[in-house]
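Below: the structure, in C-alpha cells.
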Amino acid sequence: MNKQSLDKFRVYNTLINDILKIATKGVTKKQIMDDFSLSRPQLRRLTAELLSKDLLRYHQSLGLLMTSAKGNIHLKKAPKIPSILLKPIDIARETITLDYGRTLLDARNFMLRYNISRIAISHNGKTVGIITEKDIARYLYDNPPTKRLSEVALKEFVRKKLITVNENSSIGICSMLMLKHCISSLIVVDKEGKDKGIITKTDLIEYYAYHQTVRILVHECMSKKVHSIAPDETIHMIAMLMTTYKISRVVVEKNKKPIGIVTARDFLPVSLIHGTGSLGYWTTRADMILAKRHQRFIPSGMIAVVLAQDIMTSSPVTVSMNTDTAEAARVMIRNRISGLPVINKKGYLIGIITKTDILKNQIVTPIDFGIG
C-alpha cells in the first residue's frame, strides 16, 4: 500500500470511528450527513456498508442508527491488541434498569418496546437483580392468577445473589460464569463494586462469531435432544416444556421438518390475559388456587385454546448440520435469535444449536479467548 492509499485508508477509518462514536447514543442519517459534510450518495453507500457489516443497526421505531455490539468492539478494541487482552468492559453495554418497586407489566412493556430480553432491577441506584423473558414465561406458568401483572412488584424476582464480573477480568471468565450459574448475562463492576454495564451471552457469541479461528461444525456441538411440538398443541404444553426442562424455545415440527419456533418472547404479548378474569381464570378462592398449584399440565392464567401455530414464528431460520459454528453464530447475530434448528440434507430436524452450545464450545477451545 503506497503512502497516498494509506492516507486515504486512515481518513476513511477515522470517519467510520467518528460515526460509530456519535451513534452510540443514536443518530439520524441527516445528522451524519450534516456533521461530516457528506452528499446523499456518499451517505447511502457509507451507511449501507456499516449496516451490512453489522457495525450499525437501524431501529425503525426510533428512526435512529445505533452502534451495534460489533461496532462497540470495533471502537474499543485497539488495532493489533491480541484477544487475550480484551476485557469485559470492552464489550459491555449500558444497563437498562427499572426500580424494584415497578411492576412485571412495566418490565414486559419495556422488553417489547425496546426489543430487549432482560432488564436490570435496581434499588437505591444499585443493580440488585435481573429479570428476563424466560422469568416472565415461568411466572405465568407457575403462579395462580391471583394478581394482575400490574400488581406484581419486580422486587419479588430479586431472590438470589446477583452474579457480577470485574471490568478487568477476562472474556473467558465471563463464559465460565454464565455456564456455571446457568445465566445469560453478567453485571460488569469496577473494583469498588460500582455498576459499569452489562455483558450478555449475545455479546460473547458476537465476539466468537468474528474471531474464532478453529473450524468446528454444528453437528459436533449441537444438542441432539430437541423439544418439539405439533402446530395444533396448546400454549400450556409449551410453557410446561420450557419450565420443566429450563429451555427458552420449542420447535414446532410437522412431518419431521421444522415449520415454526416458539420462544419465551412469544409469551409477552399473550401475558396480558394473566389474572384479568376476562377468560374465567382469575380467582381468589383458596380451594381453586390450591387445585391450580397441583394441576401441572394447566399453566396458571394461561388459556388452553391458544395454539402453538397462533404464536409461533413461521418458517424459522435453520442451519445445516455441516455449517461452521462461527457462521451459525453470525446467523444468530444477524437475525437477533438465540437458537437455530439443525437440519440434514433432507431438511429433517436432527438437533438444535443455541448460544449456550456455542459458549460451551468456546470453553473447549480456550485459545481463542486466551484462557486455559
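The values are calculated or read from the model by the stated rules, or taken from the named source; none is laboratory data. In this text the structure is predicted, and so the values were computed from the model without any measurement. Cβ atoms come from the backbone with ideal geometry, glycine included; neighbour counts cover every protein chain shown. Each accessible area value is taken on the protein alone, full model and side chains, heavy atoms only, with ligands, DNA and RNA left out. Shrake-Rupley method; radii C 1.70, N 1.55, O 1.52, S 1.80 Å.
Numbers below:
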quantity	calculated
Criterion (outside any helix (DSSP H, G or I), modelled with pLDDT under 90 and either open to solvent by less than 20 Å² (accessible area, probe 1.4 Å) or out of contact with any Cys (no Cβ under 6 Å at 6 or more places or on another chain) (or both)) met by exactly one of 146, 202	146
Only one of 75, 65 that is in a helix (DSSP H, G or I), over 21 Å from residue 178 (Cβ atoms) and either of a type outside the set (Lys, Arg) or at pLDDT below 85 (or both)	75
Verdict on residue 191 being outside any helix (DSSP H, G or I) and among the charged types (D, E, K, R)	yes
Pair list, Cβ under 9 Å, 6 or more apart: the stretch 20-31 residue among the aliphatic types (A, V, I, L, M) and open to solvent by less than 40 Å² (accessible area, probe 1.4 Å), other residue part of a helix (DSSP H, G or I) and at pLDDT below 85	20/50; 20/71; 20/72; 20/74; 20/75; 23/50; 23/71; 27/35
Members of the stretch 235-252 that are in contact (Cβ under 8 Å) with a residue 40 or more places away in the chain and either open to solvent by less than 30 Å² (accessible area, probe 1.4 Å) or within 27 Å of residue 325 (Cα to Cα) (or both)	235, 238, 239, 240, 242, 243, 246, 248, 249, 250, 251, 252
In the stretch 320-371, the residues that are over 18 Å from the mean Cα position of the chain (by Cα), at pLDDT below 85 and over 14 Å from residue 221 (Cα atoms)	366, 367, 368, 369, 370, 371
Pairs, first surrounded by fewer than 19 Cβ atoms within 10 Å (Cβ to Cβ) in the stretch 320-338, second of a type in the set (Lys, Arg), C-beta under 7 Å, six or more apart	324/215
Residues located in the stretch 156-176, provided they are surrounded by fewer than 16 Cβ atoms within 10 Å (Cβ to Cβ) and modelled with pLDDT of 90 or more	163
Long-range neighbours under 8 Å by Cβ, at least six apart or interchain, first residue on the phi > 0 side of the Ramachandran plot within the stretch 188-199, second crowded, with 20+ Cβ neighbours inside 10 Å and in a loop (DSSP other than H, G, I, E, B)	197/92
Among the residues listed as 98, 105, the single one being modelled with pLDDT of 70 or more and open to solvent by less than 40 Å² (accessible area, probe 1.4 Å)	98
Residue count, the stretch 152-182 (criterion: over 21 Å from residue 264 (Cβ atoms) and out of contact with any strand residue (DSSP E or B) (no Cβ under 7 Å at 6 or more places or on another chain))	10
